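Please read the structure below before turning to the comments.
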Amino acid sequence: MKKLLVCLLAVSVLVLGACGGGKPKADPNDLTRGMDRKIVMGYSQIGAESEWRTACTNSVKAAAEEWNIELIFSDAQQKQENQLQAIRSFIQQKVDIIAFTPVVETGWEAILKECLDAKIPTICVDRSIQGSDRQAANPGDMNDPDNWFTAFIGSDMEQEGNRAAQWMINNVPNLLPGKSVYNIAELQGTVGSSAQTGRFKGFRDTLGIPSADATGTSSDGKYKIILSQTGNFTRAEGNQVMEAFMKSDGASIDVLFAHNDDMAIGAIGAIQEAGRVPGKDIVIIGIDAVKGAFEAMIAGTMNASIECNPLLGPQVMDTAVKLLTGQTVPKWVVSQESDYDQANAAEAYPSRQY
Ligand code: GZL
């Protein structure tokens, strides 16, 4: 009798499986394979302050389409309180996963712990939070910010600052020969964002300037940061701050280091207004490698841009599917990037995607 029952059970399972009973077979071409329904992702984006940000948003939206993931998108208009509100709303909507780009590094502990309590995994996109070294933390150590979020997808901002300083050291003496000291003006990004803190520190570390100091002289005495102020990553503010720099110290500035290309491009107009030649009298180094920077480098009004890749969408969606189908993901999915200047800008420009 028992044997008969076992056979009947086995046959019924086989019959059910054959006529599609139980979990539907995932379409092998469906990138959310392993999920028996559409993933719902909430994404809190900072805003639309730069070419880079727009490219990042477009990449995330396009990848959500491709991965067949339902994206609930929120634009925070540069305000952290709008991000906190959006994330709380995602929790109330019981989304499967939350992605966010923290506008600044601080103020995320409470909301991320609400996500943890709601058992909703979180992905930091592009920027990270204070105290995170983006390495796997000791499990359960809730004093470690790396346990407050699930994964970080983005660039090494400190390394971008290093790369900008290294390009300057390798190229400025040839571009402006015969000087014993090069005076630098710096346009910082949004104060307190991981992009600003990382680039600020990385640039100074390479020069041997204390990373707490806005201005200072390199350990070899050749490079001197004489001006440093935020332009909030926008062209308009980059132009305004550079106009003020040119009024106070225009004649003595040799190099402009801008934490993004949009501020560098805004500054070009202010340099021209002040009667100096951008790209020649003042060497201009930006970060992002957006199309506007390539156009300026090809025109000769800008000298270099350190790439920061905004095309993060595919990595965000791939990480979301892996997390929701029980696969392990690295704490930090690092972006791959290059450096561009007037020597390679024209060749690279046609294939640029942003
Ligand atoms: C960097 C990103 C920065 C860009 C700016 O990862 O957060 O914000 O460099 C953007 O262009 O505004």
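List, in order, the whole-Hz ³J(HN,Hα) value for each residue of segment 252-267 obtained from phi through the Karplus relation with A = 6.51, B = -1.76, C = 1.60 and θ = phi - 60°; use x for Gly and Pro.
9, 7, 9, 9, 10, 10, 10, 5, 8, 5, 4, 5, 4, 5, x, 5
If Rh is defined by the Kirkwood formula over all Cα pairs and Rg also comes from Cα, what ratio Rg/Rh do you get for segment 99-230?
Expressed as Rg/Rh, it is 1.10.
In units of 2.2 N^0.38 Å, what is the alpha-carbon radius of gyration of segment 249-354?
Here the answer is 1.37, to two decimals.
Taking the Cα centre of segment 169-283 as the origin, how large is its charge dipole in debye, to the nearest 20, when only Lys and Arg (+1) and Asp and Glu (-1) carry charge on their Cβ atoms?
Around 180 debye, computed over segment 169-283.
When we measure straight from the Cα of Lys113, which aspartates and glutamates land under 14 angstrom away, once same-chain ones fewer than 8 places off are left out?
Asp141, Asp144, Asp146
Give me the distance in nm between label points sitting 7 Å out from Cα along the Cα-to-Cβ direction at Ala136 and Glu70, one decimal.
According to this spin-label approximation, the distance is 3.3 nm.
Given the rule -39500 (n - 2.57) for each run of at least 4 DSSP H residues, summed and divided by the residues of the chain, what is its mean residue ellipticity at 222 nm, to the nearest 500 deg cm²/dmol?
The helix-only estimate for the chain comes to -12500 deg cm²/dmol at 222 nm.
Hey, how many Å between the Cα centroid of segment 290-308 and the Cα centroid of segment 50-120?
30
Evaluate the charge dipole of the chain about its Cα centre and quote only its size in Debye, nearest 20, assuming +1 on the Cβ of each Lys and Arg and -1 on the Cβ of each Asp and Glu.
The dipole magnitude comes to about 1120 debye.
Return one whole number: the accessible area per residue of segment 157-308 in Å², for a 1.4 Å probe.
Normalised by residue count, the accessible surface of segment 157-308 is 34 Å².
Along the three principal axes, how long is segment 292-354 when you take its alpha carbons, biggest first, rounded to the nearest angstrom?
Principal-axis extents of segment 292-354 (Cα, largest first): 50, 18, 15 Å.
Whose amide H sits under 5 Å from the amide H of Val333, counting only residues 5 or more places off or on another chain, with H placed in the peptide plane?
The answer is Phe152, Ile153, Gly154.
For the chain, which whole percent of the accessible surface, found with a 1.4 angstrom probe, sits on carbon and sulfur atoms?
Roughly 53 percent of what the probe reaches on the chain is carbon or sulfur.
Taking only the alpha-carbon atoms of the chain, what semi-axes of the equivalent ellipsoid follow from 5 times the gyration tensor eigenvalues under a square root, in whole Å, largest first?
Taking √(5λ) for each Cα gyration eigenvalue gives 48, 20, 17 Å.
Looking at this model, which pairs from Lys79/Lys322; Lys79/Lys280; Lys61/Lys94; Lys38/Lys79; Lys224/Lys280; Lys79/Lys247 are more than 26 angstrom apart at the alpha-carbon?
Lys79/Lys322; Lys79/Lys280; Lys38/Lys79; Lys79/Lys247
For segment 157-308, compute Rg over Rh where Rg is the Cα radius of gyration and Rh is the Kirkwood radius from the inverse mean 1/r over Cα pairs.
Answer for segment 157-308: 0.92.
Quick one: what are the phi-derived ³J(HN,Hα) couplings along segment 333-339, Karplus 6.51/-1.76/1.60 with θ = phi - 60°, whole Hz, x for glycine and proline?
9, 7, 6, 9, 9, 10, 10
Hey, what did the chain get for relative contact order, percent, Cα under 8 Å, at least 6 apart?
17
The values are calculated or read from the model by the stated rules, or taken from the named source; none is laboratory data. If you're wondering where the values come from, they're calculated on a predicted model, not measured in any experiment. When we count neighbours, we look across all protein chains shown, and the Cβ atoms used for this are built from the backbone with ideal geometry, even at glycine. Remember, those area values only see protein heavy atoms, side chains included, never the ligands or the DNA or RNA. Shrake-Rupley method; radii C 1.70, N 1.55, O 1.52, S 1.80 Å.
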